[in-house]
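Report on one structure; see the data block that follows.
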Amino acid sequence: QVQLVESGGGLVQAGDSLRVSCEASGRTFSQYSMAWFRQAPGKEREFVAGIGWSAGTISYADSVKGRFTISRDNAKNAVYLQMKSLKPEDTAVYYCAARLGYLFSEGGRYDYWGQGTQVTVSS
């Protein structure tokens, strides 16, 4: 069982930077691939970024490439999403997700989810 708790969301202006964090419980965090998803009002949940269990595999949605950076610290059981050059269309609830094994971009493949953290970008 893994519990995920996100933090770091907030209200920022377009062009600003923000880092959201996800802390995981459990002693086998290093075996999990981790991902960030987001869901804006009235829209479906979408994959944002993911990092494999060994951090050797990293994937980004096209919409965030070059602006967002995902990283993990297995010693702290944490995964981070550094967001730069934020745009109003990045406004959403950001969710952290975990799964054992390989990294996938489909949300249905993830077994554990956090409660989400709101990121709002004003124009």
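Net charge near ILE70: determine it from the other residues with C-beta under 14 Å of the C-beta of ILE70, scoring Lys and Arg +1 and Asp and Glu -1.
The answer is +4.
What are the extents of the Cα atoms of the chain along their three principal axes, in Å, largest first?
Principal-axis extents of the Cα atoms in the chain, largest first: 41, 26, 25 Å.
Quick check: net charge around GLY101, other residues with Cβ under 11 Å of its Cβ, Lys/Arg +1 and Asp/Glu -1? Could the numbers behind the result be given before it?
Details: positive: ARG99, ARG109; negative: ASP111.
Once positives and negatives cancel, what remains is +1.
For the chain, with only Lys/Arg (+1) and Asp/Glu (-1) charged at the beta-carbon, what is the dipole magnitude about the Cα centre, in debye rounded to 20?
The calculated dipole for the chain is roughly 180 debye.
Taking the Cα centre as origin and putting +1 on Lys and Arg beta-carbons and -1 on Asp and Glu beta-carbons, what dipole magnitude results for the range 1-44, to the nearest 20 debye?
80 debye
Compute the semi-axes of the equivalent ellipsoid of the range 79-121, taking the square root of 5 times each eigenvalue of the Cα gyration tensor, and list them largest first in whole Å.
Semi-axes (√(5λ), whole Å): 23, 11, 9.
Based on Cα positions only, what radius of gyration and what Dmax would you give for the range 44-108, in angstroms?
So, for the range 44-108, Rg and Dmax equal 11.9, 34 Å respectively.
Among 12-23, 102-113, 28-39, how do they line up by average Cβ neighbours within 10 Å per residue, starting with the highest?
Highest-to-lowest ranking by the protection proxy: 28-39, 12-23, 102-113.
Extent of the range 10-82 along each principal axis, from alpha carbon coordinates, in Å, largest to smallest?
36, 24, 20
Specify which residue in the list ASN77, SER63, ILE51 is farthest towards the positive end of the charge dipole of the range 25-123, using unit charges on the beta carbon of Lys, Arg (+1) and Asp, Glu (-1), about the Cα centre.
So the residue furthest toward the plus end is ASN77.
In whole angstrom, note down how far apart the Cα centers of the range 2-22 and the range 40-80 are.
After rounding, the separation between the Cα centres reads 12 Å.
Quick note: the coordinates plus some simple rules give every number you see, no bench work behind them. Since we're looking at a predicted model, the values are computed, not measured. Neighbour counts run over all protein chains shown; Cβ positions are idealised from the backbone, glycine included.
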